[in-house]
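What follows draws every value from the coordinates through simple rules; no lab data is involved. Since the model is a prediction, treat every value here as computed from it, not as a measurement. Counting neighbours? That spans all protein chains shown, and the Cβs are built from the backbone with ideal geometry, glycine included.
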Amino acid sequence: MKFLKAMSFLVLMLSVSAFTVSAQHHHGDGHDHDHSHDMEQMKELDSEEITHSESLHQIPSTWINQNSEEIQIKDFAGQPLIVVMFYGKCTETCPMLIQRTWKLYSSLSEETQKIINVLAVSFDYKNDTHDALKEYAEYEQLDLPEWHFVTAEQTDIRQLAALLGVKYRERSDGHFDHSNLITVLDPFGNISRRIEGIIGDLDDDIKFIESLVQ
Amino acid sequence: MIAILGLVLTVLLPSVQAQDRVITIPEGSFHSVLPEVVGEPHRVEEFRMDETAVTNGEFLEFLKENPEWQRSSISLLFAGNDYLRHWKDDMNPGNENELNRPVTRVSWFAANAYCGWNGGRLPSLNEWEYAAQAMDFDSNLEANRFSSDLIGWYSAVDTKIRSDVGSTGIENRYGVKDLFGLIMEWVEDFNPPIADELSLDCGTVGRMQGDATVYSYAMSIRYITRMSFKPTSSTGMLGFRCAYDLNANKMEI
């Protein structure tokens, strides 16, 4: 199906450039139509296609990690990215969710671990400052170069949650009700796997991530 | 000449200022219809909220500064094909009359981005509902009449909005206008975690009405309608207003 779509797109493009050629001939400028120009046009159309895709690399938000570094999701383009949403104060399911993310990450081959990053986004923009996130990362023994515990503006956090399909809600006691979800983005930023819950084996997920890297 | 200009200004200015008003809602609590909280009132901290919904005119200003949210530029990630479909083009809501009408056919993503740009955020579901319950009535009779009008309105929300913001005459006790009677409004967490277990069926609606207040039925309809939205949904009856933390400042448009 995808192949068919791509084919018809190509045919469409070819007919568009054919039209351009004949239009120019009508103008009678006498110049031979430059073939490389066609190729350029094709490239432009291609990139247009990508801008309108569902890649999360389009998210313009800037995130601050536990080392006070600014990060954008598109910084991770070219490799898969593991995304998880949590909050630091959580003593119930979050440690399990973060531990599960660790289990997933640490089960990957050493080569894969070197190139894949983990983005752990806190819901709790009020309490999880970059300093608090640093403490959290150290406490969980996950203050690693590939692990980014991040915060951002409230509207940016909500936007990412809506894109991932993570539901959360702050309770009056300052804790959050939230979905337990690990999301894998492919090298193009598309959501390619959603791992729900905090129990269950991860073998298929690990194989899947390895297949994205190759 | 100056006199005429002065007259024009006095006529125009009050309506513009009215849209820019932000109202402080004092802390308090309210009863939600969600079954998660039987009997327990929800506490809501003091916050601030727009007096009226965001208008086409205000949204146009946002689009001028943030062209990536214009109809022809917006990513499919953030809105479906219905986004601002009723506007003539990217920067034209139709005619002058549209400028003071609430903007609709905006996705949750666009509403969220607008409020962030404006120095605020979308109101949380609890904040919105708390503000909506802060209505005073002279008698039970009046309250019941309002309640049944409300249900009538919800069952026939028009997708073509032909009224200005602030025109419904419905106002809560703090002066927030049109929480009902004009449009449905996006909230920050329109689809709370509990939504997975709920659906629009009589049993659920029945269960949600544990606390029989004037609004509980209308409220159930709102909750369930909201839960059916996707964040990319853009429908003709759905607009928004922004909320602000106490230390945040609304930008002057």
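Relative contact order of the stretch A:57-213, please, whole-number percent, based on alpha carbon pairs below 8 angstrom and at least 6 residues apart. It would help to have the intermediate numbers written out before the result.
Numbers: 256 pairs, mean separation 49.3, N = 157.
Contact order relative to length: 31 percent.
How would you classify the stretch A:65-121 from its alpha-carbon gyration tensor, with a ≥ b ≥ c the square roots of the eigenvalues: rounded for a/c under 1.5, else prolate if a/b is greater than b/c, otherwise oblate? Please list the in-between numbers first.
Numbers: a/c = 2.41, a/b = 1.23, b/c = 1.96.
The shape class here is oblate.
For each of A:143, B:89, A:156, B:178, count neighbouring Cβ atoms within 10 Å of the residue's Cβ, then give the residues from fewest to most. Present the calculation step by step, with values, prior to reporting the outcome.
Working: A:143 16, B:89 11, A:156 21, B:178 24.
The fewest-first ordering by Cβ neighbours comes to B:89, A:143, A:156, B:178.
Determine the dipole magnitude for the stretch A:86-214: charges of +1 sit on the beta-carbon of Lys and Arg, -1 on that of Asp and Glu, nothing else is charged, the reference point is the Cα centre, and the result goes in debye to the nearest 20. Spell out each step's value before the answer.
Working: 13 positive and 23 negative charges, 75 e Å.
Using only the charged Cβ atoms, the result is roughly 360 debye.
Could you list B:43, B:241, B:121 in order of exposure, starting from the residue whose Cβ has the fewest other Cβ atoms within 10 Å? It would help to have the intermediate numbers written out before the result.
On the way: B:43 14, B:241 28, B:121 21.
The most exposed by this proxy come first: B:43, B:121, B:241.
Would you mind getting me the FRET efficiency between residue B:134 and residue A:111? Use the beta-carbon distance for r and R0 = 45 Å, nearest 0.05. Before the final figure, lay out the partial values.
On the way: r = 59 Å, r/R0 = 1.32.
After rounding to 0.05, the efficiency reads 0.15.
When the Cα centres of the stretch B:99-120 and the stretch A:112-156 are compared, how far apart do they sit, in Å?
Rounded to whole Å, the Cα centres lie 29 Å apart.
Could you put B:59, B:180 in order, starting from the residue whose Cβ has the fewest other Cβ atoms within 10 Å?
On the way: B:59 24, B:180 21.
Final ranking by Cβ density, sparse to dense: B:180, B:59.
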